[in-house]
Each structure stands twice: as structure tokens, then as C-alpha cells.
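Here, each number is a calculation from the coordinates, and none is a lab measurement. Just so we're clear, the structure is a prediction, and the values are computed from it rather than from any experiment. All Cβ positions, glycine included, derive from the backbone under ideal geometry; neighbour counts span all protein chains shown.
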Amino acid sequence: MQIRNKALIGWAASLLAAFLFIVVMSPRTALADEGSLRIHVLSFSSYQDAIVLECDGHFGMVDSGEDNDYPCGDDVRYPYRPKTTIGQGHEDEAIAYLANLGVTPDNFEFYIGTHSHSDHIGSADEVIRAFCPERVYTPDYKDEYINDSAFLWDNLYVYDHMREAAEEVGAPFITKLAYDAPVYPEADGAASPVFSLGSAQIEIVNWENHELTAGAYRDANDYCWGVLVSCGGKRAFLAGDINNYRGDEDVLGAALGRVDVLKLAHHGCVGSNSQGFLVALQPTYAVVTAPFRFMPDETVDTLLSLGTHIYCAPESASEGKDAIVITLSGDGVWVDALADPSQLTFRANCGSHDAVAFVDGAPASYSGVWTTDAGLSYRFDGSPYGTLAGSSEADKGKWVHDKYGWWWKNSDGSYPVSMWKTINGVQYYFDSRGYMATGWVKYEGRWYYLDASGALATGWRSVQGSWYYLDPAVGGAMATGLFTVGSTRYAAYTYGLCPVSNWVQVGKNWYLTSSSCAVRTGWAKHGSSWYWLDTSTGAMVTGWQKVGGAWYWLDSSGAMATGWRKVDGTWYWFNASGAMATGWKRIGSSWYWFDASGAMLADAWTPDGYYVNKSGAWVKGKVR
């Protein structure tokens with residue numbers, strides 16, 4: 001182990017790890033048996049890779065998933081770009097899991113970032129600072145390598161943060177690999193892609209045939225690294241987001257040959273895990289870091305034909321499993337992915353109307369009907385495969401996915417373009433290219449919101465921390481201005497956001513919302529001022545207003561007057577409560593007279609025979 005100048009960082013990291021272990025996690029998991037390798041695929045909700053390797057008391061990590069920081073545009077180097085992932089960070093869970101395993105700066109040997117996408121290395125900087133790995137590996141990244149600006153997202157931001165964290169803890173930041181290079185590189189030199197982790201061997205692959213030049217790649221996935229791990233004669237391939245658009249899987253399939261375990265590439269998406277690649281690897285076990293329902297038909301069919309057990313990280317998460325844990329040793333391969341591996345489970349697939357029955361990740365025969373939470377029923381006739389029962393003619397077709405998104409292929413081969421379509425009872429919108437839309441969509445002058453699955457959202461919806469109402473009475477269109485839900489009135493800006501405890505202008509009127517976004521009525525305090533809001537409409541009132549028998553003056557901003565106030569050339573006095581004064585009133589050290597209209601008398605005799613001067617103050621001793 002190299003000697004590094006990071007004693008203080010290591011001490012702080014150890015303290016953090018100990019805290020997280022005590023507060024966040026359950027009792028510490030037992031160490032892997034000597035001579036065996038454990039692969040921990042963390043069970044985050046979906047579409048994130050975070051994998052811990054453990055062997056003989058030594059640890060490494062391959063990707064670590066999202067974190068919660070992102071470029072908001074305040075730094076010109078890192079502009080905010082549409083579809084940058086926000087609010088899906090799992091850095092705390094990743095750090096807590098590592099701490100629970102017993103990872104410290106003394107046994108954390110490496111961190112490998114397979115490529116510069118935030119769903120893989122977003123939390124790399126937090127993990128590196130917490131546990132100080134001896135070495136950090138990742139492919140070089142510059143925005144100029146990418147020839148399609150739609151695929152830049154926050155790539156440079158997460159890459160630079162990862163590099164800066166490695167520099168802070170004194171770990172070599174390795175972007176160059178060569179088989180004849182040492183494990184620890186000289187300054188700015190190459191390092192060997194092959195090294196050990198206890199009695200296991202690690203090899204980084206898919207780096208040799210990629211020249212990083214300006215405009216060479218459409219996407220960072222196109223030159224993603226993979227990691228081959230071996231122990232006790234058993235092998236697992238962690239495929240990152242490798243795809244086959246440039247033939248990478250064709251080359252790797254021939255070079256790797258059979259493996260026992262495959263972490264499917266690119267979360268099981270189309271463009272990766274080609275049939276030839278899967279047949280070449282013939283994995284006994286496959287892990288996918290996304291829901292089964294989004295896997296393409298070809299991938300599912302190929303794996304099932306190979307007899308591969310399929311495990312999905314989101315399913316493990318739903319059963320309370322922090323990770324899918326795979327053990328490789330000379331005695332065999334074991335997978336701990338499910339709370340009860342013997343239980344019959346069902347999975348539906350978006351790529352077709354088929355569902356599959358499983359036991360411990362492998363197809364299992366079943367007879368009967370399975371109904372999903374969404375109310376879809378599948379009939380099984382003594383085989384592992386069920387068909388959708390009672391689907392309407394309009395629902396017939398299939399979902400198809402490519403690297404740009406999902407689209408729906410009708411039974412006649414056509415596909416919807418720039419239109420709404422109801423499929424299996426769920427409403428979707430397809431854009432001008434035919435792809436299923438997600439997020440905000442403007443259609444015929446109104447805005448609609450489609451969730452991550454493409455389903456049309458209705459009712460109240462929080463989007464990036466702001467509230468919107470998607471009115472089901474008008475097909476889910478975003479509400480603006482004044483609207484009523486039940487018996488409660490609400491107000492939204494012209495762009496739909498419903499503010500919390502703030503002003504909204506609708507037409508010529510102003511409305512103040514509560515903490516629930518509802519329109520307030522009556523007296524309401526905002527900031528340091530009080531306002532009167534019409535009790536029937538909620539509109540802010542200005543000018544004179546009689547409330548509960550007292551008169552109040554509300555200036556042009558709606559703020560209630562207190563103290564002296566000149567209105568239309570006449571002086572008035574308003575108490576601390578805002579009520580207008582009449583009759584005698586002592587203000588400071590002087591007395592003043594206000595008539596029944598509230599107007600201050602000046603340079604005149606009061607009705608009871610006292611004189612007040614030009615400033616309105618009573619002149620002592622001057623009596624009529």
C-alpha cells in the first residue's frame with residue numbers, strides 16, 4: 001500500500017463510517033469467507049449502478065450511483081441542461097452500506113467509474129472523500145468528445161468532481177491503461193488494467209480500441225469500461241453501460257467467453273446485451289439495475305432460452321434488501337437477492353403482452369390468473385409464460401425501446417406520432433418522432449405532465465420541489481390562475497406553479513396563498529405587513545375598508561396602515577391594530593382631535609372648545 005498524505009482525511013472518514021454504521025445500518029454483515037469474492041449490487045430504485053467488491057478483507061467499488069447535487073448554472077463551466085437528473089441521489093445509502101461492511105481508508109483499494117454519467121459516478125466524490133481509496137480509475141472525459149449536445153447533461157460536472165476528490169485524498173486518478181504498466185502509475189502515466197483484490201483478480205476491459213478525440217462519440221456510453229472479476233475459478237462481468245452500436249459487444253463476447261454472472265449492460269436497455277453477446281457469455285445468473293418490465297423482448301427471450309436466473313435490483317429493494325449479494329468461490333456461486341427465493345413471483349414485460357412466472361429468478365410453470373396492481377390480468381396455462389387476458393383491440397401492439405427512448409408499435413406495424421394513446425388503461429403521449437414523452441409536454445396550448453413511466457399524471461404533483469395541479473376535469477391539463485379543488489380555492493402562476501405562502505396575480509387582482517397553496521381570505525400577515533383579502537374571492541383589497549365596525553386604510557400595495565398616514569391631503573391616525581382613530585388621541589406627548597370620518601382637525605377649535613394648532617396638536621391653556 002502506498003504511503004499517502006491523508007491521515008487527517010482518513011481519520012475523519014473513519015469517524016464518518018463509524019457514525020453511519022451505528023446510526024443508519026443494521027448490525028455489521030459478516031466478512032466474506034477467505035478465498036471467496038462477494039459482489040454487492042446495491043438495490044437502488046432503478047437505473048443506477050453501485051457495486052461493491054469484497055475479498056479477504058479488501059474492498060473495491062465499481063460505480064456508486066447518483067448523488068443529490070447537480071449543476072444549477074451558477075458556474076459557467078457547468079450549465080444546467082434539460083434532463084439532468086435531480087433529486088434521485090443515494091450517496092448517503094452508498095456510504096452507509098460501505099461503512100456497514102467495514103470499509104475504511106486502510107482496506108479500500110480502488111474505485112472504478114465505468115464512464116462519466118451521473119447514474120454511475122454522481123456520488124463518486126462523496127464516496128472517495130469518505131473512504132479514501134488507494135486508486136481511482138475512469139475513462140478520460142471532455143465535452144468535446146461528444147458529438148451530440150443532447151448527451152452532455154452533467155457529465156463534465158460529475159467527472160471533475162470525481163477527479164477533484166481523488167486529488168484531495170491523494171489517490172492516483174487513472175485514465176490511461178496499458179498491460180505492461182505498473183499497478184501504481186508514475187505521474188500522469190498509464191496503469192495496469194489487471195490487479196488483485198485479496199485472492200480475486202480484477203481486469204478492466206473495453207479500453208483498448210477507443211481513441212478519445214473531438215467529436216468521436218455520440219454518448220459517453222460508447223466508450224464505457226467494463227470490469228471482469230474472477231475468484232476460485234468463477235467469473236463475473238460487470239458491463240457498465242457498454243453497448244454494441246460500434247461493435248464493442250461483438251469483440252468482448254469473443255474475448256470473454258463464458259461467465260457465471262453478468263451485470264447486464266446499460267440497465268438492460270436496447271442497444272446493449274445483444275443476442276450474440278449473451279450467447280457468447282452464457283451467464284448462469286444475470287442482474288439488471290432496472291425494472292424487468294423495461295427489458296427488451298430479445299434480451300428477455302435470449303436469457304430465458306439460456307436458462308439464466310434473472311434478478312432485478314428494484315425488486316430486491318422493494319423486498320427490503322439493501323443489495324443483491326453474489327458470492328464467487330471455488331465451491332460455487334450463490335446469489336442472495338430475494339427475501340424468500342422459494343416464493344413464486346410474476347413479472348410483466350413492456351416489450352410484449354407477456355408475463356413470466358419465476359422462482360428464484362428462473363422460469364417456473366404455473367396455472368391460473370395473475371393480476372397486477374394496475375388491474376391487468378395474465379392467464380397461465382401450465383407454463384412459465386402468461387398472456388394478457390381481455391385486452392382491447394386498441395391495446396394490441398408492443399413496446400419497443402432503442403437508445404433514444406420508448407415507442408409503441410401498433411399491431412399493424414404503425415406507430416403513433418404527436419398524439420395521445422391509451423394503452424392497457426394508461427394514457428401516454430408520443431412526440432413528433434413517435435417516442436413516448438416524459439416530463440412536461442405542451443399540446444394544443446396547454447401543458448401536461450408525464451411521469452417517468454410515461455403515464456399521464458393528474459391531480460396534485462410535485463415536480464422538482466414545486467407543486468402543480470393537473471386538472472383531471474380537463475384531461476390532466478395544468479391549472480393556471482384561480483381554480484377550485486373540492487371546496488378549496490387555489491391560485492397558480494401563468495406557468496402553473498402553485499406558490500407556497502406567496503402572492504399570485506390573476507388578471508388585475510392579487511391573491512395570497514397559504515402553506516398548502518390555498519387562497520387565503522380575511523386578515524393575513526405576509527412579511528412584516530398585514531393585508532385584507534376579500535372574504536368571498538380572496539382578492540387583495542386597497543383603500544378604505546370597514547372590518548368589524550372599524551375603518552382601515554390599505555395602501556396601493558395592500559399593506560395595512562398604522563400610525564400617521566396622509567390620505568387625499570388629509571391626515572389620519574391608525575392604531576397598532578390598524579383601526580382608524582376618532583375623537584381625542586394622545587400621540588407621543590401631544591393630544592390630537594380626529595372627527596367622525598377620522599380626519600385630523602388642524603388650526604381650529606374642537607367641538608368641546610379646545611384649540612389645536614396647524615400641526616393638529618392641542619395648545620394647552622387656549623380655551624374658547
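Largest first and in whole Å, give the semi-axes of the range 532-624's equivalent ellipsoid, each being the square root of 5 times a Cα gyration tensor eigenvalue. List each step's numbers first, then the result.
Numbers: eigenvalues 177, 26, 21 Å².
They are 30, 11, 10 Å, listed from largest to smallest.
Sequence neighbours fewer than 8 away in the same chain don't count; with that in mind, list the lysines whose C-alpha is under 25 Å from residue 142.
Partners found: 83, 176, 403.
Provide the per-residue ³J(HN,Hα) series for the range 404-410, in order, calculated from phi with Karplus coefficients 6.51, -1.76, 1.60 and θ = phi - 60°, each as a whole number of Hz, with x at glycine and proline positions.
Calculated HN-Hα couplings, in order: 9, x, 9, 9, 10, 9, 5 Hz.
Here are labelled values, [x] 16, 39, 24, 13, 7, 1; [y] 17, 47, 31, 4, 0; [z] 18, 51, 28, 2, and one is the computed P(r) over Cα pairs in 20 Å bins from 0, in percent for what I pasted. Which one?
[x]
With just the Cα atoms defining each centre, how far is the range 114-155 from the range 267-292? Give it in Å.
Distance between centres, Cα-based: 23 Å.
Between residue 526 and residue 336, what is 0.36 nm times their sequence separation minus the Cα-Cα distance? Round to one decimal in nm. All intermediate terms of the calculation are to be shown ahead of the outcome.
Values: separation 190, 0.36 × 190 = 68.40 nm, distance 5.56 nm.
This chain segment gains 62.8 nm when fully extended.
With n ≥ 4 as the cut-off for DSSP H runs, can you work out [θ] at 222 nm for the chain, using -39500 (n - 2.57) per run divided by the number of residues, rounded to the nearest 500? Each step should come with its number before you reach the end.
Working: 9 runs with 86 residues, N = 624.
-4000 deg cm²/dmol, from helical runs alone.
Starting from the Cα of residue 415, step 7 Å along the direction of its Cβ; do the same at residue 605; then give the gap between the two resulting points in nm.
9.6
Once the Cβ-Cβ distance between residue 570 and residue 68 is put in as r, and R0 is 56 Å, what FRET efficiency do you end up with, to the nearest 0.05? Let's see the in-between values first.
Details: r = 58 Å, r/R0 = 1.03.
Efficiency, rounded to the nearest 0.05: 0.45.
Starting from the Cα of residue 279, step 7 Å along the direction of its Cβ; do the same at residue 508; then give the gap between the two resulting points in nm.
Each label point is offset 7 Å from its Cα along the Cβ direction, giving 7.6 nm.
Calculate log10 I(q)/I(0) of the range 205-354 for q = 0.16, 0.19 Å⁻¹, where I(q) comes from the Debye formula with a single equal point scatterer on each Cα and nothing for solvent.
-0.89, -1.20
Please report the relative contact order for the range 470-609, taking Cα pairs under 8 Å with a sequence separation of at least 6, and give it as a percent rounded to a whole number.
Numbers: 262 pairs, mean separation 14.3, N = 140.
Computed value for the range 470-609: 10 percent relative contact order.
Which pairs, out of 421/442; 263/409; 234/321, put more than 18 Å between their alpha-carbon atoms?
Distance filter (> 18 Å) returns 263/409; 234/321.
Which residues does a label at residue 446 reach in the range 476-502, if reach means a backbone N under 11 Å from a point 7 Å past the Cα toward the Cβ?
476-480
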